[in-house]
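Just so you know, all these numbers are worked out from the coordinates, no wet-lab data involved. Everything quoted here is computed from the prediction, not taken from an experiment. With ideal geometry, Cβ positions are generated from the backbone for all residues, glycine too; neighbour counts draw on all protein chains shown.
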Amino acid sequence: MAMNHHINRETCEQCGLCVEICPNHILESKENKDIYFREERLSLCIRCGHCMAICPTRSVVAPGLSYEKDFFDLPQKDIDSEGFFDLISSRRSVRRFRKKPVPREVLEKIVAAVSLAPMGFPPHKVEVTIVQRREDIEKALPLMVKFYEDLQNWINHPIPRFFMKRKLKPEVFNTLKNHIVPMMKIKLPDMKTGGDDFITRGAPVLILFHADRAAESHSEDSFIDLTYGLLAAYALGLGATAISLVPPAVERVPELRKMFRIPDENEVMGSMIVGYMVRRFKRGIRRELAHVSWI
Ligand SMILES: Cc1cc2nc3c(=O)[nH]c(=O)nc-3n(C[C@H](O)[C@H](O)[C@H](O)COP(=O)(O)O)c2cc1C
Ligand code: SF4
Ligand code: SF4
């Protein structure tokens with residue numbers, strides 16, 4: 001059962017671990033070694049649950065969290081760092097998929113991994129929508145194509161282009177001008193005549209990340225969630241790619257919002273495609289960051 005900040009003095013062993021771990025120094029040890037929550041600092045509690053995650057006797061409780069519902073025991077072993085680096089160095093964006101649905105239990109594991117991602121302020125604000133059937137993705141594609149045709153027309157016309165340049169962040173405008181619009185010029189006519197689906201790449205599954213547009217840190221959280229999703233998919237033997245073409249279309253086209261049941265107040269931040277890979281890559285690619293400074 002969830003309760004307010006609480007210490008069970010009958011079971012507390014006064015080890016002081018909760019005092020040491022709390023990021024905001026909300027707990028303290030009195031002279032008699034009894035542990036207390038500092039009343040004047042309770043408002044600083046971010047419900048991170050660290051005090052509960054470390055307590056050997058389950059004696060400390062933070063509001064809204066319960067040992068039964070919110071915690072699980074961790075295996076007490078070292079993390080396999082080599083395995084982790086093997087995973088991240090061999091992951092690639094996958095854009096060729098087998099025509100095979102991904103079972104719900106496997107998708108649930110991806111969702112479980114996403115739910116383990118860090119967030120700016122607990123609890124999670126990000127919602128995920130899993131489009132599990134290729135048929136539903138295919139119903140949405142003509143609306144996405146229409147959205148990008150309209151966008152192409154606006155940006156190619158000097159007056160809308162002027163206003164878009166003023167209104168959009170330079171990052172977004174440059175992505176549109178330098179990448180999306182030139183790509184659309186070739187790929188839209190191709191896709192309309194039965195060519196390659198360059199938006200969702202024929203994937204059997206599409207996952208959308210969205211959140212109340214007023215929710216704290218939801219933009220950053222969405223992309224961290226998406227990254228966890230990509231890595232989890234790969235660890236489960238699937239291929240996945242982040243897709244930035246889908247969110248702007250779903251965000252702005254009411255039929256798409258309705259189709260994917262996105263609540264009106266939510267902003268669609270990210271999307272990823274998932275499916276079984278046609279081929280495995282034989283080599284990784286070395287990449288360098290734009291710049292690394294050591295200070
Ligand atoms: C934020 C973001 C958006 C992306 N959007 C797309 C997309 O719309 N379509 C696509 O095919 N790939 C997309 N990608 C995949 C990148 O093109 C890919 O990560 C990059 O080429 C590096 O390749 P790698 O992931 O195989 O290392 C996106 C990646 C990120 C991080
Ligand atoms: S939940 Fe986190 S912030 Fe709140 S008391 Fe426990 S350790 Fe401190
Ligand atoms: S971690 Fe648990 S046992 Fe240790 S002092 Fe805090 S409440 Fe008591």
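Cβ-Cβ distances below 9 Å connect the following pairs, each with a first residue in the range 66-86 that is in contact (Cβ under 8 Å) with a residue 12 or more places away in the chain, a second residue that is of a type in the set (V, I, T), and a separation of six or more residues or different chains: Y67/V61. Summed over the range 211-220, residues that are of a type outside the set (G, A, S), surrounded by fewer than 23 Cβ atoms within 10 Å (Cβ to Cβ) and out of contact with any helix residue (DSSP H, G or I) (no Cβ under 8 Å at 6 or more places or on another chain) total 3. If you filter the range 18-48 down to residues that are under 31 Å from the mean Cα position of the chain (by Cα) and within 9 Å of ligand 3 (Cβ to nearest atom), you find that the one that is surrounded by the most Cβ atoms within 10 Å (Cβ to Cβ) is C18.
Quick one: in the range 5-41, which of the residues that are under 23 Å from Q76 (Cα atoms) and outside any loop (DSSP other than H, G, I, E, B) is nearest to ligand 1 (Cβ to nearest atom)? So, considering only residues that are under 23 Å from Q76 (Cα atoms) and outside any loop (DSSP other than H, G, I, E, B), the one nearest to ligand 1 (Cβ to nearest atom) is I21.
Candidates are the residues of the range 69-91 that are under 23 Å from the mean Cα position of the chain (by Cα) and polar (S, T, N, Q); the one that is surrounded by the most Cβ atoms within 10 Å (Cβ to Cβ) is S90. Just to be sure, is S217 touching a Lys or Arg at 6+ places or on another chain (Cβ under 8 Å), in contact (Cβ under 8 Å) with a residue 40 or more places away in the chain and not β-branched (V, I, T)? When the stated conditions are applied, S217 passes them.
Residues in the range 42-71 that are more than 7 Å from ligand 2 (Cβ to nearest atom), under 15 Å from E20 (Cα atoms) and assigned to a helix (DSSP H, G or I): 2 in all. Residues in the range 73-93 that are of a type outside the set (V, I, T) and either over 18 Å from L238 (Cβ atoms) or in a strand (DSSP E or B) (or both): D73, L74, P75, Q76, K77, D78, D80, S81, E82, F85, S93. Within the range 2-22, if we keep just the residues that are within 15 Å of L65 (Cβ to Cβ) and touching a helix residue (DSSP H, G or I) at 6+ places or on another chain (Cβ under 8 Å), the residue that is farthest from ligand 2 (Cβ to nearest atom) turns out to be A2. Listed by first and then second residue, the pairs with beta-carbon distance under 8 Å, at least 6 apart or on different chains, first residue in the range 242-253 and touching a residue at least 24 places away in the same chain (Cβ under 8 Å), second among the β-branched types (V, I, T) and within 16 Å of ligand 2 (Cβ to nearest atom), form an empty list. For the range 99-131, a residue qualifies if it is part of a loop (DSSP other than H, G, I, E, B), in contact (Cβ under 8 Å) with a residue 40 or more places away in the chain and either farther than 17 Å from P204 by Cβ or in contact with a Phe, Trp or Tyr (Cβ under 6 Å, 6 or more places away or on another chain) (or both), and the qualifying residues are K100, L116, A117, P118, M119, G120, F121, P122, P123, H124, K125, V126.
Of everything listed in (1) in contact with a Pro (Cβ under 9 Å, 6 or more places away or on another chain); (2) of a type outside the set (D, E, K, R); (3) within 16 Å of ligand 2 (Cβ to nearest atom), the single unmet condition for P101 is (3).
For (1) closer than 22 Å to P118 by Cβ; (2) not hydrophobic (A, V, I, L, M, F, W, C), each residue gets a yes or a no:
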{"residue": "D212", "(1), (2)": "yes, yes"}
{"residue": "L238", "(1), (2)": "no, no"}
{"residue": "L256", "(1), (2)": "no, no"}
{"residue": "M269", "(1), (2)": "yes, no"}
{"residue": "R279", "(1), (2)": "no, yes"}
{"residue": "R283", "(1), (2)": "no, yes"}
